[in-house]
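Take a look at the structure below.
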Amino acid sequence: MNINTECLYSKSHEWVRIENDTAYIGITDYAQNQLGDIVFVGLPVVGDKVSTSDAYSDVESVKAVSDVYSPVDGTISEVNTQLESDPALLNTDPYGTWIAKLTDISSTDGLMTPAEYEEYCAAL
Amino acid sequence: MEKKTELYDRHVALGARIVPFAGYLLPVMYEKTGVIAEHLAVRKAAGLFDVSHMGEVRYKGKDALANLNRLLSNDFTGMYDGQARYSPMLNENGGFIDDLIVYKKSDNDYMVVVNAANRSKDVEWMLSNLSGDVEFSDISDSISQIAIQGPASREIIKRLTPEDKIPQKYYSAIFNSSVGGFPCILSRTGYTGEFGYEIYTMNENAVNIWDILLDSAKGDGLVPCGLGARDTLRLEAAMPLYGHEMDENTTPGETGLMFAVKMNKPFFVGKSALEEKGEPTRIRVGLKALGKGIIREKQTIYIGDTVIGVSTSGTFCPWLNGSYAMAIVDKKYSVPGTRVYADIRGRKTEAEIVALPFYSNAK
């Protein structure tokens with residue numbers, strides 16, 4: 001399993017990468033592997049406020065649909081429209097493929113470091 | 001505690017993701033391929049499935065045929081040796097106990113293949129309906145079933161089975177056939193909408209047949225396939241699945257299976273209930289999603305604000321490259337071309353009623 005060292009992680013297998021004041025968010029390699037072939041991504045709308053407790057997107061594989069949560073609170077500033085035509089990018093490059101960008105972000109307290117996340121997955 | 005099929009160790013060695021299903025541990029997909037690649041392999045080349053969970057029972061004796069004709073809605077009179085015939089098995093209210101396939105081995109000797117999840121309830125129902133000179137046995141635990149499906153399966157089987165032991169007609173089988181020298185029943189049937197065979201064999205031959213098929217067909221694009229692809233393939237072919245398109249409260253008319261109900265027979269279980277009910281007011285249809293998202297089972301179908309029915313199964317169909325579903329809707333709104341909405345978890349997505357099947361290449 002692949003873990004990106006520049007990201008922080010949630011227990012529900014989402015990653016966040018902070019660059020300046022913007023958060024890039026997506027799903028982890030573990031998550032995409034569990035889901036299998038991803039065939040649809042329900043994207044949020046720019047301007048939507050997201051919180052860690054509400055699903056902002058849903059990702060559908062052939063067999064199942066899975067809600068996606070944001071590791072941090074914030075406001076959607078951009079969505080990755082490439083996923084509309086090529087949802088399988090989440091399978092092939094889970095860390096290079098962000099689902100949304102957020103501004104006005106909350107703290108990253110409570111998220112796991114790459115090492116912690118690796119340990120967390122190993123115990124599952 | 002789930003049972004393992006004879007092929008369990010093969011699946012693990014091939015990198016299967018194993019799930020419990022109908023009391024068995026079975027591969028849902030293989031890590032190397034995944035559902036989409038496995039699905040496409042069956043459409044373009046061939047796929048190999050372990051379907052040993054399916055149940056098999058036997059009716060033997062001079063009243064075997066009479067029993068089947070009383071218990072089941074189809075008519076099994078006049079079948080030739082080896083012929084297979086699909087049938088609903090109904091309750092007294094005309095709802096489905098199961099759907100199944102009857103094979104005639106010879107006069108007074110029939111094999112019936114039932115859904116794994118319904119096996120114990122089916123056997124109980126069958127036993128309670130026995131009459132006359134017939135010997136009934138549940139032989140499921142001694143039989144393994146392997147399906148090889150896809151256009152390349154014709155050539156693969158040709159290399160491993162003597163020519164006169166290969167069934168030629170769709171829905172027929174040869175009972176004393178073999179694959180790679182191992183005895184089996186070889187049947188021209190399947191659950192994928194594609195040309196292919198189903199192989200029934202005694203448990204001790206299952207691993208040998210599986211290995212010979214995989215080893216001999218490396219150059220043919222044959223890949224092992226899991227339950228995930230089995231489900232997307234059957235859905236793309238619009239084949240009904242028990243628990244989805246039919247259950248104890250659905251009639252054959254509602255799920256579009258009247259071709260297998262012979263109302264001109266003097267009697268079968270459920271016939272009088274079907275007569276009383278008359279023409280059904282709802283019917284199974286196909287849906288193609290036009291908007292975003294994938295229609296799954298149990299989603300409400302609307303025209304405007306009017307609820308017209310509910311989806312029974314749905315997924316992304318890899319070969320057709322779109323979201324398709326089946327639904328049971330009010331007959332008034334069942335005409336292909338009708339625009340409807342599916343409520344996908346609170347989001348209304350437009351869909352069109354389309355003719356069934358979505359895909360077929362089985363014959």
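Every read-out reported here was derived from the displayed coordinates using simple, explicitly stated rules and does not represent laboratory data. Computed from a prediction, not measured in an experiment: that's the story for all the values here. Glycine also receives a Cβ, built like all others from the backbone with ideal geometry; neighbour counts cover every protein chain displayed.
Numbers for the structure displayed
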| read-out | value |
| --- | --- |
| Long pairs among B:121/B:262; B:4/B:104; B:3/B:62, criterion Cα-Cα beyond 32 Å | B:3/B:62 |
| Amide H within-cut-off set for residue B:56, under 5 Å, with H built and near neighbours excluded | B:114, B:139, B:140 |
| Those lysines that a straight Cα-Cα span of less than 22 Å connects to residue B:332, excepting residues fewer than 8 apart in one chain | B:277, B:288, B:298, B:348 |
| Cα→Cβ-extended label distance, 7 Å offset, between residue B:263 and residue B:208, nm | 5.1 nm |
| Chain A, dipole about Cα centre (Lys/Arg Cβ +1, Asp/Glu Cβ -1), debye to the nearest 20 | 120 debye |
| Scaled radius of gyration (Cα, divided by 2.2 N^0.38 Å) that chain A gives | 0.96 |
| Cleavage-rule hits, GluC sites (Glu not before Pro), the stretch A:6-57, DSSP coil, Cβ neighbours within 10 Å at most 14 | A:6 |
| Shape parameters for chain B, alpha-carbon atoms, Rg then Dmax in Å | 20.5, 61 |
| Taking the convex hull of Cα positions in the stretch B:115-192, its mean projected area over all directions (nm²) | 6.9 nm² |
| Radius of gyration and maximum dimension Dmax of the protein assembly as shown, Cα, Å | 25.0, 83 |
| GNM result for chain B, Cα springs below 10 Å: residue of B:108, B:321, B:208 fluctuating most strongly | B:321 |
| Sequence-separation-based contact order of the stretch B:168-277, relative, with Cα cut under 8 Å and 6+ spacing, percent | 16 percent |
| All aspartates and glutamates inside 19 Å of residue A:11 as judged from Cα atoms, apart from same-chain residues fewer than 8 positions distant | A:29, A:54, A:58, A:67, A:73, A:109, A:116, A:118, A:119 |
| Estimated dipole of the stretch B:195-288 in Debye, rounded to 20 [Cβ of Lys and Arg +1, of Asp and Glu -1, Cα centre] | 360 debye |
| Rounded to whole Hz, the Karplus (6.51, -1.76, 1.60) HN-Hα couplings of the stretch A:81-90, x for glycine and proline | 5, 4, 5, 5, 9, 9, x, 5, 4, 5 |
| Proximal charge balance of residue A:68 [Cβ under 10 Å; K/R count +1, D/E count -1] | -3 |
| Average partner coverage of B:290-296, which counts Cβ from other chains inside 10 Å | 3 |
| Sparse-neighbourhood loop sites, trypsin sites (Lys or Arg not before Pro) in the stretch B:138-199 - DSSP loop, at most 13 other Cβ within 10 angstrom | B:169 |
| For residue B:248, residues with placed amide H under 5 Å, excluding near neighbours | B:96 |
| Those GluC sites (Glu not before Pro) in the stretch B:268-297 that DSSP places in a loop and that have at most 14 other beta carbons within 10 Å | none |
| Average beta carbon contacts from partner chains per residue of A:38-45, 10 Å cutoff | 3 |
| Distant-in-sequence amide H partners of residue B:100 (H built 1.01 Å from N, under 5 Å) | B:87, B:89 |
| Most mobile listed residue (B:178, B:106, B:128) in chain B, GNM with C-alpha springs under 10 Å | B:128 |
| Taking only Cα atoms of the stretch B:175-284, radius of gyration then Dmax in Å | 19.1, 56 |
| For chain B, the longest site-free run once chymotrypsin sites (Phe, Trp or Tyr not before Pro) in DSSP loop states with at most 11 other Cβ atoms within 10 Å are removed | B:81-266 |
| In Hz, Karplus ³J(HN,Hα) per residue of the stretch B:26-36 (6.51, -1.76, 1.60; θ = phi - 60°; x = Gly, Pro) | 9, x, 8, 6, 10, 4, 5, 10, x, 4, 5 |
| Residue with peak Gaussian network fluctuation, chain A [Cα springs, cutoff 10 Å], from A:33, A:80, A:20 | A:20 |
